[in-house]
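Single-structure report; data block below.
Bear in mind these aren't lab numbers, they're just calculated from the coordinates by the rules spelled out. Since the model is a prediction, treat every value here as computed from it, not as a measurement. Note that we place each Cβ from the backbone using ideal geometry, even for glycine, and neighbour counts take in every protein chain shown.
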Amino acid sequence: MFFYFWLIVLYIPLLLIYPCRVIGKKNLPKKGRLIFSANHQTLNDPIIIAYKLCKRRFRFMAKAPLFKNKIAGAILKGMGAYPVDNKSATGDITAIKTTMKHLKEERAVCIFPEGARLKSSENNQLKHGVALFSLKTKSPIVPAYFVKKTNAFTFNTLLVGKPIELYNMEEFKDKKIDREVLEQASKIVKKEMNALYKNYLKEKEDKKKKKLEKKLKKNKKLK
């Protein structure tokens with residue numbers, strides 16, 4: 001209830017502050033467990049995902065220090081966030097268990113696989129969390145990509161791809177989930193995320209060429 005209350009209250013302001021169109025929204029399953037895997041550049045990313053794709057309520061990992069303030073922590077939890085200790089050498093076991101629990105209970109979890117906010121995403125290595133959770137819980141991964149840095153009052157585009165079912169791929173069936181398997185699976189996720197951006201740029205360029213060709217043909221007819 002808390003989530004939907006704040007969504008109703010803040011939807012219009014968020015629409016004005018973070019204008020963003022979504023391409024490929026139909027690729028997002030309406031129900032069932034899933035991992036939404038997107039590039040990450042600013043703290044605005046989860047806010048935009050939450051309100052633009054509000055037909056699915058996402059659970060997010062958020063840095064543990066953000067929960068130190070009781071009021072902020074309560075709001076974050078109400079919005080579906082849960083703490084993760086990024087500084088832990090072995091990983092945050094509680095956060096891992098929470099993620100597994102959400103997926104097993106058929107919820108949608110949003111994970112930024114780069115593990116931190118980064119200026120550029122195309123050449124970054126992904127952490128193995130997304131691949132691990134997908135293979136362990138048989139959860140489809142929905143790749144996504146923000147075309148630009150998500151600054152306030154800047155129009156952006158969020159690309160959403162078709163679900164990736166790693167657990168149904170021959171190279172991962174009946175395989176022990178070790179470092180080699182996770183590296184291979186993470187490369188597939190990264191490739192699909194980057195492909196969204198490359199295809200978007202190609203389609204944009206093709207539209208420009210067609211528009212120019214049409215203009216040239218029109219000018220020839222007028223001569």
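Quick notes
- Difference of contour (0.36 nm per residue) and Cα-Cα distance, Met100 to Ala195: 31.4 nm
- For segment 2-222: Kirkwood Rh in Å [reciprocal of mean 1/r, alpha carbons]: 18.7 Å
- Fewest neighbouring Cβ atoms within 10 Å first, the residues Phe112, Phe146, Phe2, Phe67 line up as Phe2, Phe67, Phe146, Phe112.
- Order of Met169, Met79, Met193 - criterion: other Cβ atoms within 10 Å of each residue's Cβ, fewest first: Met169, Met79, Met193
- Separation between Cα centres of segment 168-184 and segment 55-82, rounded to whole Å: 32 Å
- Of Lys209, Lys148, Lys173, the residue with the greatest mean-square motion in the GNM of the chain, using alpha carbon springs below 10 Å, is Lys209.
- Normalising the Debye intensity of segment 1-105 to I(0), with uniform scatterers on Cα atoms only, and taking log10 at q = 0.10, 0.11, 0.24 Å⁻¹ returns -0.31, -0.38, -1.61.
- You can think of it this way: the chain between Asp85 and Lys187 has 34.3 nm of extra reach, that is 0.36 nm per residue less the Cα-Cα gap.
- Looking at the chain alone, DSSP beta bridges between its own residues are antiparallel in about 15 percent of cases.
- Pairwise label distance in nanometres, Lys26 with Glu171, each label 7 Å out on the Cα-Cβ vector: 2.9 nm
- Treating r as the C-beta distance of Lys202 and Lys68 and R0 as 35 Å, the FRET efficiency rounds to 0.20.
- Of Cys110, Cys54, the sequence from fewest to most neighbouring Cβ atoms within 10 angstrom is Cys54, Cys110.
- Farthest positive-ward along the chain dipole, Cα basis, beta-carbon charges - from Leu16, Leu34, Val142: Leu16
- Label sites at Leu43 and Asn151, each approximated as a point 7 angstrom past Cα along Cα to Cβ, lie 1.7 nm apart.
- Subset of Lys52/Lys208; Lys138/Lys176; Lys149/Lys207; Lys101/Lys198 violating a 25 Å alpha-carbon distance limit: Lys52/Lys208; Lys101/Lys198
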